[in-house]
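Asks: Next up is a structure, given as structure tokens.
Coordinate-derived values only; no laboratory data. Being a predicted model, the structure only gives us computed values, none of them experimental. When we count neighbours, we look across all protein chains shown, and the Cβ atoms used for this are built from the backbone with ideal geometry, even at glycine.
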Amino acid sequence: MQPLLVTMGDPTGIGPELILKALFDRAFEALQTPLRVVGDVGVLLQAAKIFGVRGDVHPEAENLFILRFGEFCLEVEALSQLAPDQLQYGQPDVLCGRAMAAYVERAATLCLEGSAAGLVTCPINKAAINAAGIRFPGHTEL
């Protein structure tokens, strides 16, 4: 079954927290399709600390990982390897801008190819994407 893709959004924003909050609140359990986050493993692990949870990383394939947080699991297609301890949350960052654009482009491509059931996007920071030199007016225009 094809996955429902969720782009992580801004690594210095609320997206990683939103994904994990929904996971820990069991909001994804009613889905009839598997869920895959397109984002950054390290950022998600760092965000889990907000909830007092440690995660373990289990490689599945190239760029594909399962994050385990106790009883909870999350499949992640890792398109960036940012250093979360060096990011300033809430501050636009050029590296994060490139990463956000890559998340959306990859997820949109998979959807257009018919390799995904659909796409949900977490909030992005357009200023960071534009600062990275990428002309990106928004998700829809992509």
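Asks: By its C-alpha gyration tensor, with a ≥ b ≥ c as the square roots of the eigenvalues, how is region 73-127 shaped: rounded for a/c under 1.5, else prolate for a/b larger than b/c, else oblate?
Replies: Numbers: a/c = 2.37, a/b = 1.77, b/c = 1.34.
It is prolate, given that a/c is not under 1.5 and a/b is the larger ratio.
Asks: Cβ under 9 Å from residue 74's Cβ, residue 74 left aside: what net charge do those residues give with Lys, Arg +1 and Asp, Glu -1?
Replies: On the way: positive: 36, 68; negative: 75.
Counting the neighbours of residue 74, the net charge comes to +1.
Asks: What number, rounded to the nearest 500 deg cm²/dmol, is the helix-based mean residue ellipticity at 222 nm of the chain, given -39500 (n - 2.57) per DSSP H run of at least four residues and division by all its residues?
Replies: Details: 4 runs with 43 residues, N = 142.
Using -39500 (n - 2.57) per qualifying helix, the result is -9000 deg cm²/dmol.
Asks: Looking at the square roots a ≥ b ≥ c of the eigenvalues of the Cα gyration tensor of the chain, which shape do they give, rounded for a/c under 1.5, prolate if a/b is larger than b/c, or oblate? List each step's numbers first, then the result.
Replies: Working: a/c = 1.73, a/b = 1.15, b/c = 1.50.
Oblate, since a/c reaches 1.5 and b/c is not below a/b.
Asks: Follow-up question, since we're still on this one. Can you tell me what share of the DSSP beta bridges in the chain is antiparallel? A percent to the nearest 5 is fine. It would help to have the intermediate numbers written out before the result.
Replies: Values: 11 of 23 bridges.
Rounded to the nearest five, the antiparallel share is 50 percent.
Asks: Taking only C-alpha pairs under 8 Å that are 6+ residues apart, what is the relative contact order of the chain in percent? Mind showing how you got there, number by number?
Replies: On the way: 262 pairs, mean separation 46.9, N = 142.
Relative contact order comes out at 33 percent.
Asks: Also: With r defined as the distance between the Cβ atoms of residue 14 and residue 88 and R0 fixed at 22 Å, what FRET efficiency is calculated, to the nearest 0.05?
Replies: On the way: r = 14 Å, r/R0 = 0.66.
Given R0 = 22 Å and the Cβ-Cβ separation, E is 0.90.
Asks: Mind putting a number on the dipole of region 1-89 about its Cα centre? Charges go on the C-beta only, +1 for Lys and Arg and -1 for Asp and Glu, and I need it in Debye to the nearest 20.
Replies: On the way: 6 positive and 12 negative charges, 39 e Å.
Approximately 180 debye in magnitude.
Asks: If packing is taken as the mean number of other Cβ atoms within 10 Å per residue, what is the order of 107-120, 43-56, highest first?
Replies: Working: 107-120: 14.9, 43-56: 16.9.
The packing order, highest mean first, is 43-56, 107-120.
Asks: Can you give the local net charge around residue 38? Use residues other than it whose beta-carbon is closer than 13 angstrom to its beta-carbon, Lys and Arg +1, Asp and Glu -1. Could you put the intermediate results ahead of the total?
Replies: Details: positive: 36, 106; negative: 40, 75, 77, 105.
Combined, the nearby Lys, Arg, Asp and Glu give -2.
Asks: Still on this structure, please answer the following. Taking only the alpha-carbon atoms of region 28-80, what semi-axes of the equivalent ellipsoid follow from 5 times the gyration tensor eigenvalues under a square root, in whole Å, largest first? Before the final figure, lay out the partial values.
Replies: Working: eigenvalues 53, 47, 20 Å².
With the √(5λ) rule applied to region 28-80, the semi-axes are 16, 15, 10 Å.
Asks: Based on the Cβ-Cβ distance from residue 115 to residue 53, what FRET efficiency comes out when R0 is 30 Å, to the nearest 0.05? Numbers along the way, then the final one.
Replies: On the way: r = 30 Å, r/R0 = 1.01.
With a Förster radius of 30 Å, E is 0.50.
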